[in-house]
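Chemist: Have a look at this one.
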Amino acid sequence: MAKRPEIHQNWPANFSPTHPSSPMSVSSPTAAISASELQVLRQFLEDYADTLDAQDLEHWPDYFTEDALYQVISRENHEAGLLHATMHCDGLGMIRDRAQATRECTVYEPRYLRHFLHGLRVLSRSAQGLETRCNFLVIESTSDEEPRVLLVGQYLDTVVHTEQGMRFKKRLCVYDNYRIYNSLVFPV
């Protein structure tokens with residue numbers, strides 16, 4: 001039986017996945033924070049996803065700071081620097097309005113969402129908070145159709161520590177989809 005080749009055999013000689021001067025370096029989830037803080041961050045992100053999966057819109061705004069920016073935006077628009085977002089909330093007041101309008105005013109077919117998170121990376125740490133990136137996949141189920149991919153993309157976040165715990169100062173949900181098939185009712 002032939003020996004299995006090393007996965008990294010074709011990497012450039014100066015490649016190091018954790019060394020910041022490497023031309024192909026990738027961020028390490030432990031580079032900027034301790035293992036215990038990373039676990040708290042992971043739990044925060046999973047609690048957020050669970051809140052949305054439970055359609056607990058009344059508690060969704062609790063994850064944001066007063067001056068938070070929340071956007072669901074296509075990768076195409078984000079990379080081009082365009083401001084048009086599918087969902088845009090500038091400040092906690094708009095986030096609360098979005099939650100209330102979704103619950104009380106919007107007419108939509110009943111649906112259920114399941115969020116899957118993977119590949120959390122801490123990109124940097126500064127006085128402004130933690131800059132993070134995490135892949136997401138959101139599956140949507142309605143009563144009369146097979147479940148389907150609603151969105152796939154990356155969260156680009158600024159997470160800050162407050163007296164109440166971790167909060168999003170900025171949450172950009174940058175989706176890779178060419179289009180959203182039906183409608184985007186709930187936050188991502």
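The values are calculated or read from the model by the stated rules, or taken from the named source; none is laboratory data. These numbers were taken from a predicted model, which means no experiment stands behind them. For neighbour counting, all protein chains shown are included, and Cβ atoms are generated from backbone atoms with ideal geometry for every residue, glycine included. Remember, those area values only see protein heavy atoms, side chains included, never the ligands or the DNA or RNA. Shrake-Rupley method; radii C 1.70, N 1.55, O 1.52, S 1.80 Å.
Chemist: Show me the strands (runs of 3 or more DSSP E) found entirely inside segment 92-188 where at least 1 residues are acidic (Asp, Glu).
Modeler: 129-142, 148-162
Chemist: Here's a follow-up. Checking Asp176 against (1) of a type outside the set (Ser, Thr, Tyr); (2) open to solvent by 40 Å² or more (accessible area, probe 1.4 Å); (3) free of Cβ contacts under 8 Å to residues at least 24 places away in the same chain, only one condition comes out false. Which one?
Modeler: Among (1) of a type outside the set (Ser, Thr, Tyr); (2) open to solvent by 40 Å² or more (accessible area, probe 1.4 Å); (3) free of Cβ contacts under 8 Å to residues at least 24 places away in the same chain, the lone unmet condition for Asp176 is (3).
Chemist: Only one of Leu82, Leu57, Leu45 is at pLDDT 95 or above and either surrounded by 11 or more Cβ atoms within 10 Å (Cβ to Cβ) or under 18 Å from Lys170 (Cα atoms) (or both); which?
Modeler: Leu45
Chemist: When segment 134-150 is examined, which residues are found to be farther than 12 Å from His118 by Cα and not hydrophobic (A, V, I, L, M, F, W, C)?
Modeler: Glu140, Ser141, Thr142, Ser143, Asp144, Glu145, Glu146, Pro147, Arg148, listed by residue number.
Chemist: Turning to a different aspect of this structure: Residue by residue through segment 111-134, note down the ones that are within 21 Å of Glu163 (Cβ to Cβ) and either touching a residue at least 40 places away in the same chain (Cβ under 8 Å) or in contact with a Leu (Cβ under 8 Å, 6 or more places away or on another chain) (or both).
Modeler: Listed by number, the residues that qualify are Arg125, Gln128, Gly129, Leu130, Thr132.
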